[in-house]
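Working notes, structure below.
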Amino acid sequence: MRSIFVTGSNRGLGLGLIKHLVQSSKPPEYIFATCRNPDKALELKEIAQKSGGVHIIKLDLTDIDSYKNVVKVVEEKLAGRGLNVLVNNAGISSKFARLNYVKEKQLTEAFMTNSVAPILLAKELLPLLKKAASNATDKKSMSVERAAIINMTSILGSITENDQGGFYPYRCSKAALNAATKSMSIDLKDDGILVVCLHPGWVRTDLGGKNAPIDVDTSIQGILSTLDTLTEAQTGCFLQYDGKMLPCSFFLDLVFRYLKAIRSCANSKNYIYIYISIFVRM
Ligand SMILES: NC(=O)c1ccc[n+]([C@@H]2O[C@H](COP(=O)([O-])OP(=O)(O)OC[C@H]3O[C@@H](n4cnc5c(N)ncnc54)[C@H](OP(=O)(O)O)[C@@H]3O)[C@@H](O)[C@H]2O)c1
């Protein structure tokens with residue numbers, strides 16, 4: 001890919017992504033690394049100073065009115081070329097809470113950052129993404145080399161996988177992002193823009209906490225390898241950092257449930273349970 005736009009690039013997975021992109025054998029020519037407070041983004045600034053391709057842009061996702069100006073800056077830098085990839089990475093999470101403790105503010109803030117902002121930013125960057133898709137030499141296939149939107153979601157946004165409850169702001173806002181991913185993939189298919197949502201794994205960052213089993217490098221290495229393999233077959237899907245497909249459609253969801261049910265009944269020989277568990281959960 002020649003150009004990429006990443007939100008929340010000053011720490012955690014966003015910063016890791018910028019680091020890996022810069023160090024890759026073929027770094028993108030334009031890396032638009034956005035963050036709320038560039039003055040305080042010391043590590044990011046150091047990377048940008050060493051690499052001519054990294055452009056730091058101030059962007060607070062809650063300031064929707066600023067999107068147009070941000071896009072203008074990107075457009076000027078690209079000088080007539082399109083944008084290949086948008087990574088909606090920035091996200092927030094509040095502490096685990098059961099229904100009794102959930103607060104309106106937590107819900108609205110999570111929806112704003114985790115679902116509203118990625119949708120409206122994709123909308124604003126769409127002309128540039130379309131330009132990249134239509135300028136591509138290969139206009140038949142979909143890939144991150146051509147044009148793509150990558151929405152950083154979480155397994156906690158999967159309705160199928162929710163067996164612990166709680167986490168209302170985070171789960172609901174990520175589930176909404178997953179739904180938006182599916183709609184975008186349908187709406188943008190004819191434009192040749194690939195759209196997926198990615199679960200980065202449970203990663204040691206401020207958001208993931210220190211008990212998370214994987215580090216930023218492992219997650220980002222996996223994400224970059226997975227991005228390279230994406231084609232039209234995956235558009236609209238929910239993938240894990242290592243490329244594993246998570247339930248993304250009704251059909252796949254059904255297959256997942258079926259396999260889970262078979263596994264849980266393997267020893268009991270109570271095969272009727274398989275059918276009950278599929279249809280009850282439908
Ligand atoms: N870590 C995990 O285990 C895990 C698991 C599943 C999914 N994810 C997802 O992966 C993404 C990155 O997470 P992370 O672990 O890297 O989190 P993190 O270390 O907490 O970093 C979050 C990033 O989002 C930015 N951000 C938050 N609100 C913003 C806003 N209004 N405008 C602009 N930027 C904003 C933060 O900027 P500031 O420094 O200015 O706050 C920061 O750069 C998130 O979408 C998260 O939901 C993470």
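Quick note: the coordinates plus some simple rules give every number you see, no bench work behind them. Note that the structure is predicted; figures quoted are calculated from it, not measured. No Cβ is skipped: glycine too gets one built from the backbone with ideal geometry, and neighbour counts run over all protein chains shown.
Specify the residue that is farthest from S94 (Cα to Cα); the eligible residues are those in segment 206-224 that are assigned to a loop (DSSP other than H, G, I, E, B) and among the charged types (D, E, K, R).
Pass one, segment 206-224, residues assigned to a loop (DSSP other than H, G, I, E, B): 206-213, 215.
Subset that is among the charged types (D, E, K, R): 206, 210, 215.
Working: D206: 12, K210: 16, D215: 21 Å.
Within segment 206-224, the match that is farthest from S94 (Cα to Cα) is D215.
Specify which of the listed residues (A110, A97) is assigned to a helix (DSSP H, G or I), small (G, A, S) and touching a residue at least 60 places away in the same chain (Cβ under 8 Å). Steps first, please.
Working: A97 fails: assigned to a helix (DSSP H, G or I).
A110 is the lone residue from the list that is assigned to a helix (DSSP H, G or I), small (G, A, S) and touching a residue at least 60 places away in the same chain (Cβ under 8 Å).
State all residues of segment 191-208 that are more than 6 Å from the ligand (Cβ to nearest atom) and either free of Cβ contacts under 8 Å to residues at least 12 places away in the same chain or under 29 Å from L129 (Cα atoms) (or both); if no residue qualifies, say none.
Within segment 191-208, the subset more than 6 Å from the ligand (Cβ to nearest atom) is 191-198, 201, 204.
Scanning segment 191-208 gives D191, G192, I193, L194, V195, V196, C197, L198, G201.
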Unmet criterion (only one of (1) within 13 Å of the ligand (Cβ to nearest atom); (2) under 23 Å from S219 (Cα atoms)) for K45: (1)
Any hit, segment 17-35, residues being among the hydroxyl-bearing types (S, T, Y), in contact with a Ser or Thr (Cβ under 6 Å, 6 or more places away or on another chain), within 16 Å of the ligand (Cβ to nearest atom) and under 19 Å from D206 (Cβ atoms): yes
Within segment 48-62, considering residues that are in contact with a Lys or Arg (Cβ under 9 Å, 6 or more places away or on another chain) and of a type in the set (D, E, K, R), the one nearest to the ligand (Cβ to nearest atom): D60
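Restricted to segment 157-169, and to residues that are touching a residue at least 60 places away in the same chain (Cβ under 8 Å) and part of a helix (DSSP H, G or I), which residue is surrounded by the most Cβ atoms within 10 Å (Cβ to Cβ)? Outline the logic, then answer.
Within segment 157-169, the subset touching a residue at least 60 places away in the same chain (Cβ under 8 Å) is 158, 160-161, 165-169.
In the following step, the residues that additionally are part of a helix (DSSP H, G or I) were identified as 168-169.
On the way: Y168: 19, P169: 24.
If we take residues in segment 157-169 being touching a residue at least 60 places away in the same chain (Cβ under 8 Å) and part of a helix (DSSP H, G or I), then P169 is surrounded by the most Cβ atoms within 10 Å (Cβ to Cβ).
From the list L83, L125, L120, exactly one residue is touching a residue at least 60 places away in the same chain (Cβ under 8 Å) and either in a helix (DSSP H, G or I) or of a type in the set (G, A, S) (or both). Which is it?
On the way: L83 fails: either in a helix (DSSP H, G or I) or of a type in the set (G, A, S) (or both); L120 fails: touching a residue at least 60 places away in the same chain (Cβ under 8 Å).
Testing whether each residue is touching a residue at least 60 places away in the same chain (Cβ under 8 Å) and either in a helix (DSSP H, G or I) or of a type in the set (G, A, S) (or both) leaves just L125.
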Counted residues, segment 13-35 - those being buried (at least 17 other Cβ atoms within 10 Å of the Cβ) and in contact with a strand residue (DSSP E or B) (Cβ under 8 Å, 6 or more places away or on another chain): 13
